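Trainee: Okay, handing you the structure first.
The values are calculated or read from the model by the stated rules, or taken from the named source; none is laboratory data. Owing to the predicted nature of the structure, the values given are computational and were not obtained by experimental measurement. Cβ sites come from the backbone with ideal geometry, for glycine too, and all protein chains shown count toward neighbours. Calculation scope for accessible area: heavy atoms of the full protein, side chains included, ligands and nucleic acids excluded. Shrake-Rupley method; radii C 1.70, N 1.55, O 1.52, S 1.80 Å.
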Amino acid sequence: METKKEEKIAIYPGSFDPVTKGHIDILERASKMFDKVIIAVLKNSRKKSFLPVADRVELIDKSIKHIENAEVDFFDGLTVEYAKKRNAKFLIRGLRAVSDFEYEMQLSQANMSIAPEIGTVFLITKPKYNFISSGIVKELASYGEDVSKFVPDSVVEYLKKAK
Ligand code: ADP
């Protein structure tokens, strides 16, 4: 019997405002588990944004060149609707602490109830990236602190120019 293998596509959605080394680490690890991973910037998040979506996408694009099966995109509306459009059956989310867990569990269960065919895969952050968030990076950068330990080179350059 011939079985046709379906391509396993995952979406890694988020604000990525800006992308950090913690995000890239999750993406690298997810890319080993799936045939293709699309890191997708949510456009109309209710969070007040720091960088324009186009810049967030460009910074991600420059930081993922080494991951062959990863690509970047943006979307608005419901993540599961975007996933269906891209033929993806998996969502990736990163977990740093128990404080992330409660929100992530609710989100995942809400998605499960509206799109049961799409599953969420959680990856636990490496300890060295545990405390890194886009928010911390914004805060440190606003005081002129060096953030090169926390974000890819493209973001360091961007923030230097933005000063
Ligand atoms: P959102 O607004 O959707 O939470 P973020 O850009 O803050 O978007 O985060 C996107 C995803 O990446 C979330 O699942 C978040 O928990 C995860 N994440 C953020 N920072 C890290 C990190 N340092 N290590 C691992 N996962 C992270």
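Trainee: Is it the case that some residue within the stretch 47-59 is among the acidic types (Asp, Glu) and either assigned to a helix (DSSP H, G or I) or surrounded by 12 or more Cβ atoms within 10 Å (Cβ to Cβ) (or both)?
Mentor: Looking for residues that are among the acidic types (Asp, Glu) and either assigned to a helix (DSSP H, G or I) or surrounded by 12 or more Cβ atoms within 10 Å (Cβ to Cβ) (or both), one finds at least one in the stretch 47-59, hence yes.
Trainee: Is it the case, given these coordinates, that residue 68 is acidic (Asp, Glu) and over 16 Å from residue 26 (Cβ atoms)?
Mentor: yes
For every residue, the table says whether it meets (1) of a type in the set (A, V, I, L, M); (2) part of a loop (DSSP other than H, G, I, E, B); (3) surrounded by fewer than 18 Cβ atoms within 10 Å (Cβ to Cβ).
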{"residue": "82", "(1), (2), (3)": "no, no, no"}
{"residue": "113", "(1), (2), (3)": "no, no, yes"}
{"residue": "138", "(1), (2), (3)": "no, no, yes"}
{"residue": "150", "(1), (2), (3)": "no, yes, no"}
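Trainee: Please list, ordered by first then second residue, the pairs with beta carbon atoms under 6 Å, 6 or more apart or interchain, first in the stretch 7-29 and more than 6 Å from the ligand (Cβ to nearest atom) and open to solvent by 10 Å² or more (accessible area, probe 1.4 Å), second assigned to a loop (DSSP other than H, G, I, E, B) and acidic (Asp, Glu).
Mentor: 7/35; 8/35
Trainee: Could you pull out the residue among 55, 61 that is at negative phi and either touching a residue at least 60 places away in the same chain (Cβ under 8 Å) or among the aromatic types (Phe, Trp, Tyr) (or both)?
Mentor: Among 55, 61, only 55 is at negative phi and either touching a residue at least 60 places away in the same chain (Cβ under 8 Å) or among the aromatic types (Phe, Trp, Tyr) (or both).
Trainee: Moving to a separate point now. Based on what the data block shows, is residue 150 over 19 Å from residue 33 (Cβ atoms) and hydrophobic (A, V, I, L, M, F, W, C)?
Mentor: yes
Trainee: Please work out which residue is nearest to the ligand (Cβ to nearest atom), limiting yourself to the stretch 104-163 and to residues that are among the basic types (Lys, Arg) and under 16 Å from residue 28 (Cβ atoms).
Mentor: Only one residue tops the list, namely 126.
Residue-wise test of (1) in contact (Cβ under 8 Å) with a residue 12 or more places away in the chain; (2) closer than 22 Å to residue 150 by Cβ; (3) in contact with a Phe, Trp or Tyr (Cβ under 6 Å, 6 or more places away or on another chain).
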position: 65; (1), (2), (3): no, yes, no
position: 83; (1), (2), (3): yes, no, no
position: 93; (1), (2), (3): yes, yes, yes
position: 97; (1), (2), (3): yes, yes, no
